[in-house]
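Colleague: What follows is a structure written as structure tokens; I'll ask about it next.
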Amino acid sequence: MSTGTYASRSAVLGGGAAKHASRILQEKIKKVASHLLEAAADDIDVADGLATVTGTDRVVTFKQIAKAVYSDMKTLPVEARQELEASYTYDPINGTTACATHLVAVEVDPTTCFVKILRYVVAEDCGRIINPMIVDGQVHGGVAQGIGAALYEEMIYDEDGQLVSASLADYVIPSAVEIPHIDVVHIESCSAVAGGFRGMGEGGTIGAPAAIANAVSDALSALDINVSILPITPERIFRLLERARMKAKGSQQ
């Protein structure tokens with residue numbers, strides 16, 4: 001039974017276990033190939049589905065090795081016949097997560113009080129990248145969640161403690177229209193875990209709300225407004241603007 005994928009662990013744990021198990025299997029393949037090629041196991045290179053004696057053209061394929069182990073009983077001595085499989089339980093002890101830096105440019109409409117994201121850039125380091133398309137998708141999804149937290153999504157309760165934003169009719173989530181094009185810069189600095197992998201999800205989600213809040217604060221800084229509550233809804237911006245106007249009017253009197 002599995003608890004599923006969360007907490008930046010799938011590639012770190014699964015990838016680390018696969019890396020160690022592959023090394024074990026590689027040694028088994030070398031031992032079988034050493035008998036077939038009549039060479040020392042240490043002199044055999046394993047790559048691209050082939051086992052080759054270093055510095056020579058003597059080679060056997062994985063298919064030939066598997067046939068020798070499982071089908072051709074006369075090819076190998078008994079002591080060289082072993083299952084071509086391996087398992088490994090991997091615990092990196094100290095986990096690892098992604099690192100990311102977010103840059104965002106926003107525009108605040110003083111009439112409607114809506115925030116428009118003009119440009120979004122993320123520099124992301126998830127260690128060694130396994131599948132670039134999946135990595136980009138996770139960054140985009142994480143940023144989309146962060147935009148929701150920064151500008152739209154809020155649990156609202158009335159005076160009696162009754163949740164009044166319990167459905168998607170009242171709980172606003174961003175759609176594809178609200179999510180801007182996201183420029184992603186990949187940085188690959190290998191982590192200390194096997195394979196050099198890092199987690200992915202946190203880098204997009206955690207940085208986005210703070211980056212957007214800081215960008216809105218900067219846009220409104222001329223009015224001495226600092227954003228401290230999320231989400232930054234049009235209503236909240238309106239109240240902040242009204243408060244700034246009242247403060248400015250009071251200082252002039």
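Colleague: Compute log10 of I(q)/I(0) for the stretch 116-242 with the Debye formula, placing one identical point scatterer on every Cα and leaving out solvent, at q = 0.18 Å⁻¹, to two decimals.
Modeller: Evaluating at q = 0.18 Å⁻¹ gives log10 I(q)/I(0) of -1.00.
Colleague: Further, regarding this structure: When only alpha-carbon atoms are used, what values of Rg and Dmax, in angstrom, describe the stretch 1-135?
Modeller: Cα radius of gyration and Dmax of the stretch 1-135 are 24.7, 86 Å respectively.
Colleague: Tell me, what is the FRET efficiency for residue 85 and residue 156 to the nearest 0.05, using R0 = 41 angstrom and their Cβ-Cβ distance as r? Intermediate results must be reported in sequence, preceding the final value.
Modeller: Details: r = 55 Å, r/R0 = 1.35.
The calculated FRET efficiency here is 0.15.
Colleague: Separate question: Under a plain spin-label model, where a point goes 7 Å from the Cα along Cα-to-Cβ, how far apart in nm are residue 226 and residue 134?
Modeller: 4.3
Colleague: Label 7 Å along Cα→Cβ of residue 242; the stretch 188-227 residues with amide nitrogen under 13 Å?
Modeller: none
Colleague: Moving on. Using a 1.4 angstrom probe, figure out how much accessible area the chain has per residue, in square angstrom, rounded to the nearest whole. Please report the intermediate quantities before stating the final value.
Modeller: Details: 15640 Å² over 253 residues.
Solvent-accessible surface per residue comes out at 62 Å².
Colleague: In whole percent, what relative contact order does the chain give with Cα contacts below 8 Å and a gap of six or more residues? Provide the component values of the computation, followed by the final result.
Modeller: On the way: 388 pairs, mean separation 58.0, N = 253.
Relative contact order, the chain: 23 percent.
Colleague: Now a separate question. On a 0 to 90 degree scale, rounded to 10, what angle separates helix 234-252 from the longest Cα axis of the chain?
Modeller: Relative to the chain, helix 234-252 is tipped by roughly 40 degrees.
Colleague: In addition: When the accessible area of the stretch 140-190 is split by element with a 1.4 Å probe, what percent falls to carbon and sulfur?
Modeller: On the way: 1790 of 3230 Å².
Ligands and nucleic acids excluded, carbon and sulfur give 55 percent.
Colleague: Rounding to the nearest 20 debye, state how big the charge dipole of the stretch 137-253 is about its Cα centre with +1 on each Lys and Arg Cβ and -1 on each Asp and Glu Cβ. Can you show the working numbers first?
Modeller: Numbers: 7 positive and 14 negative charges, 97 e Å.
Once rounded to the nearest 20, the dipole reads 460 debye.
Colleague: While we're on this one: Label residue 75 and residue 251 with points 7 Å out from Cα along Cα→Cβ: what is the distance between them in nm?
Modeller: The two pseudo-label positions are separated by 8.5 nm.
Colleague: Among 213, 190, 150, whose Cα projects farthest towards the positive end of the dipole of the chain, with charges put on the beta-carbon of Lys, Arg (+1) and Asp, Glu (-1)?
Modeller: 190
Colleague: In debye, nearest 20, what is the charge dipole magnitude of the stretch 14-73 about its Cα centre with +1 on Lys and Arg Cβ and -1 on Asp and Glu Cβ, if you could check? Could the numbers behind the result be given before it?
Modeller: Working: 8 positive and 8 negative charges, 60 e Å.
Dipole size: approximately 280 debye.
Colleague: What residues of the stretch 69-98 lie in the reach of a label at residue 31, counting those whose backbone N is under 16 Å from a point 7 Å from the Cα along Cα→Cβ?
Modeller: 69-70, 76-88
Colleague: Would you please put 211-224, 178-191 in order of how densely packed they are, using the mean number of other Cβ atoms within 10 angstrom per residue and starting with the highest?
Modeller: Values: 211-224: 17.6, 178-191: 14.5.
So the order, starting with the most tightly packed, is 211-224, 178-191.
Colleague: Hand me the trypsin sites (Lys or Arg not before Pro) from the stretch 21-101 located in a DSSP loop with no more than 11 other Cβ atoms within 10 Å, in residue order please. It would help to have the intermediate numbers written out before the result.
Modeller: Values: sites: 23, 28, 30, 31, 58, 63, 67, 74, 81; in loops: 58, 74, 81.
Sites meeting the loop and neighbour criteria: 74.
Colleague: Let me ask another. If the only charges are +1 at each Lys and Arg Cβ and -1 at each Asp and Glu Cβ, what is the size of the charge dipole of the chain around the Cα centre, to the nearest 20 debye? Working shown, then result.
Modeller: Numbers: 21 positive and 31 negative charges, 75 e Å.
I would put it at about 360 debye.
Colleague: Go through [x] 36, 23, 21; [y] 32, 19, 17; [z] 59, 19, 14 and flag the label whose value is the computed semi-axes √(5λ) of the Cα gyration tensor in Å for this structure.
Modeller: Checking each listed value against the structure points to [z].
Colleague: Under a Cβ-Cβ cut-off of 11 Å, what is the net charge of the residues other than residue 171 that fall near it, where Lys and Arg count +1 and Asp and Glu count -1? Each step should come with its number before you reach the end.
Modeller: Numbers: positive: none; negative: 153, 154, 170.
Overall, the nearby charge balance is -3.
Colleague: Moving to a separate point now. What's the longest bit of the chain with no exposed chymotrypsin sites (Phe, Trp or Tyr not before Pro), using DSSP loop states and at most 15 other Cβ atoms within 10 Å as the test?
Modeller: On the way: sites that count: 6, 88, 114.
Formally, the longest exposed-site-free interval is 115-253.
The values are calculated or read from the model by the stated rules, or taken from the named source; none is laboratory data. Here the structure is a predicted model, which means the values were calculated and not measured. Because the Cβ atoms are built from the backbone with ideal geometry, glycine has one as well, and the counts that use them run over all protein chains shown. Accessible surface areas use protein heavy atoms only, side chains included; no ligands, DNA or RNA. Shrake-Rupley method; radii C 1.70, N 1.55, O 1.52, S 1.80 Å.
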